[in-house]
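J.: Sharing a structure with you now.
The values are calculated or read from the model by the stated rules, or taken from the named source; none is laboratory data. Computed from a predicted structure; not experimentally measured. Backbone-built Cβ (ideal geometry, glycine too); neighbour counts: all protein chains shown. The accessibility values were calculated without ligands, DNA or RNA, using every heavy atom of the protein model including side chains. Shrake-Rupley method; radii C 1.70, N 1.55, O 1.52, S 1.80 Å.
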Amino acid sequence: TERLSECASCSGGTYQDDAGGTGCRACVPGSYCKPGAASPLPCEAGSYSGRTDLEDASQCTLAEKGYFATTGSTKPTPCSPGTFAATEGLSECDSCAPGSSGAGGAFCSKCGAGTYAANPGQGECIPCPHPLSSRGGGVTCSICKTGYYLQDVSAL
């Protein structure tokens, strides 16, 4: 008797990119493979995966607060100093605003009185040189004449 071969579709989480292939390959990290896939599809920006069995983009993990993920990421990347990610699922971190700084994470902190951050994305606030000072959240340092002081209005 003559045996006939049948072509079978690859199941979800696997793919076959060779027209003469005899089996399916596991999907690759940072990707997902829909049923019948001819190639892996990357996890969308803001999500990641180290697994090799995903069937759908919804199975990729959203980057947590304080982290970001680019398209096809296998793991989240922490925000660098001077940047933050306040929500999950971001593809890049935002810069801290002038007058604030951050060590990299989910938020930035306002500069304290006597320190400043003139530029966006500063990792730390800089102390004002003597005899200058600043208010909390300062972007510059100022000087007051003798008998006066720079009042931190944010503390009122």
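J.: Tell me which aspartates and glutamates have Cα within less than 12 Å of residue 34's Cα, excluding those fewer than 8 residues away on the same chain?
T.: Partners within reach: 53, 55, 56.
J.: Roughly how many Å² is the accessible area per residue of the chain, as a whole number, for a 1.4 Å probe?
T.: Heavy-atom accessible area per residue stands at 62 Å².
J.: Once amide H atoms are built 1.01 Å from N in the peptide plane, which residues 5 or more positions from residue 75, or in another chain, come under 5 Å H to H?
T.: 49
J.: Looking at the range 38-135, what % of its DSSP beta bridges pair antiparallel, to the nearest 5?
T.: Within the range 38-135, antiparallel bridges account for around 85 percent of the total.
J.: I've got another one for you. Take the Cα radius of gyration of the chain and divide it by 2.2 N^0.38 Å, with N its residue count; two decimals is plenty.
T.: 1.75
J.: In whole percent, and with a 1.4 Å probe on the protein chains, what portion of the accessible area of the chain is carbon and sulfur?
T.: Here carbon and sulfur together make up 52 percent of the probe-accessible area.
J.: What nm distance separates the two modelled labels at residue 132 and residue 17, each placed 7 Å from Cα along Cα→Cβ?
T.: About 5.6 nm separates the two model spin labels.
J.: Here's something else I'd like to know. Regarding the range 32-76, what's the average projected area of the Cα-atom convex hull, expressed in nm²?
T.: 2.7 nm²
J.: Starting from 0.36 nm per residue, how many nanometres of slack lie between residue 56 and residue 80 once their C-alpha separation is accounted for?
T.: 5.6 nm
J.: Now a separate question. Apply 1/(1 + (r/R0)^6) to the Cβ-Cβ distance of residue 65 and residue 124, taking R0 = 25 Å, and write down the FRET efficiency to the nearest 0.05.
T.: E(calc), rounded to 0.05, equals 0.75.
J.: How big, in percent, is the set of alpha carbon pairs in the range 1-62 lying more than 13 Å apart?
T.: Value for the range 1-62 (Cα pairs over 13 Å): 56 percent.
J.: Next up: Between residue 106 and residue 41, what's the calculated FRET efficiency when r is the beta-carbon distance and R0 is 25 Å? Round to 0.05.
T.: After rounding to 0.05, the efficiency reads 0.30.
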